[in-house]
1. What accessible surface, in Å², does a 1.4 Å probe find on Ile344, ignoring ligands, DNA and RNA and rounding to the nearest 10?
2. For the chain, what is the accessible area per residue in Å² when the probe is 1.4 Å?
3. Could you tally the net charge around Cys224, taking each other residue with its Cβ under 10 Å from the Cβ of Cys224, Lys/Arg +1 and Asp/Glu -1?
4. What dipole magnitude, in Debye to the nearest 20, does region 1-47 give about its Cα centre under +1 on Lys/Arg Cβ and -1 on Asp/Glu Cβ?
5. Could you tell me the accessible area of Trp206 in Å² (1.4 Å probe, neighbours in place), rounded to the nearest ten?
6. If you average the sequence gap of Cα pairs under 8 Å that are 6 or more apart and divide by the length of the chain, what percent do you get for the contact order?
7. With each label point set 7 Å from Cα along the Cα-Cβ vector, what nm distance links Ala306 and Ala103?
8. Return the distance in nm (one decimal) between the two label points of a simple spin-label model at Gln58 and Ala327, each offset 7 Å from Cα along Cα→Cβ.
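The values are calculated or read from the model by the stated rules, or taken from the named source; none is laboratory data. Not measured: the values here are computed from a predicted model. No Cβ is skipped: glycine too gets one built from the backbone with ideal geometry, and neighbour counts run over all protein chains shown. Accessible surface areas use protein heavy atoms only, side chains included; no ligands, DNA or RNA. Shrake-Rupley method; radii C 1.70, N 1.55, O 1.52, S 1.80 Å.
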Amino acid sequence: MREIPPTAGLPLEWRDLWSSSGTSLETGLADFLQVSDVQITCSGTAAQIVTLTALRRQSARRKVILPGFTCPLVALAVLHCGLQPVLCDLLPGHFDLDPDHLARLCDEDTLAIVATHLGGRVANLAPLLAIARRTGASVIEDAAQSLGARWQGVPVGLAGDAGFHSLAVGKGLTTFEGGVLLTRDAPLRQRLLDTAADIAPFSWRWELQRSAELLGYAALYRPCGLSLAYGWPLRRAIRRGRLIEAVGDDFSDDIPLHRPGRWRKSVGARALQRLPAFLGLLKRQAETRLQRLAAMPGITVMRDAAGDEGTWPFLMVLMPDRAARDAALDRLWQRGLGVSRLYIHALSDYPYLAGRLSSEQTPNARDFASRLLTLSNSPWLDDDAFDTVCAAL
Ligand SMILES: *Cc1c(COP(=O)(O)O)cnc(C)c1O
């Protein structure tokens, strides 16, 4: 049985596990992003926690503004730091923060605004940067799924005060779990390094576990292995009606914080050498498939604004309403064709976040969550399989 992953992760090759690339992951990523340095953390969430902790230590401000629809880990990270998550609504039919709502929410108690480059797509940062500047808040770019994307020519993560990428499984380049923390601000860079040294010490227990998991990824991240590692647990969770579990949104407050080890980083450094070519392949595949989807009535595809250049781990499709989205999922979710949902709910609707977020209403975020469908852009989804997906939509 073949199983297409829901996102196009960069597959590992066996020689990634032992041969040497000659450069460190830090140097390789700094060259790739054309920056002077990057910081590697044990996850994207850890990168966000390091950033918020460093900012918190220098400020009495306590609110962090988040998009109403994003990865629930982003809210858990804010809570972990003892800060107050405040939900901002989105523009209708989009993942961008609504600038009017943001302007009303942002005040002298706002420590940071988190802007999300969702699923490789590029957020419009201009209005956010202006509001942040006016109110003295920092901008953190969540580019977890968007390594390699550019906003108006600037690599995502470098236009705000700080930004991060995720190296988690399925996000593209991976060390099984990992994060890349970016900033152009030299004093902040030093504080981020000091904070990480302080709150995320090396742990053999975590490093051995993550190393074993990375070996598992190397062995199973292929269409046959994925039916065991991804497809089977997915179908079981859906059958039991556990949708939060099905998409891997079942996060806990217990967020590991530790320093990533040398071997995993060297595996990432070797795989990174294939990333530019892989991203190019995904882009070409996405271009033709988006055209086809855009021509289908009732379907809206998410693209980038002029001047922006995103990455394409999957294609985001908005259906006309929840019923149409759910009907498409009934036909496709369990077929092993890489069709899925991104996050199950808007942040306001996760039971484990209930009562812990500010009570702002985010109707556009809920609407976006209810109509969104993701189509894998993995190269393993061949044209015949993509035809099957289009026919079912
Ligand atoms: C995955 C993800 C995160 C968290 O990254 P991890 O490396 O899994 O901790 C944050 N934001 C978004 C948008 C994500 O998709």
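1. 10
2. Details: 15760 Å² over 393 residues.
Computed with neighbouring chains in place, this is 40 Å² per residue.
3. Summing Lys/Arg as +1 and Asp/Glu as -1 gives +1.
4. Numbers: 2 positive and 6 negative charges, 32 e Å.
I would put it at about 160 debye.
5. So the heavy atoms of Trp206 present about 60 Å² to solvent.
6. Values: 792 pairs, mean separation 104.7, N = 393.
Once divided by the residue count of the chain, the mean separation gives 27 percent.
7. Between Ala306 and Ala103, the simple spin-label model gives 2.4 nm.
8. Result for the modelled spin labels: 5.4 nm.
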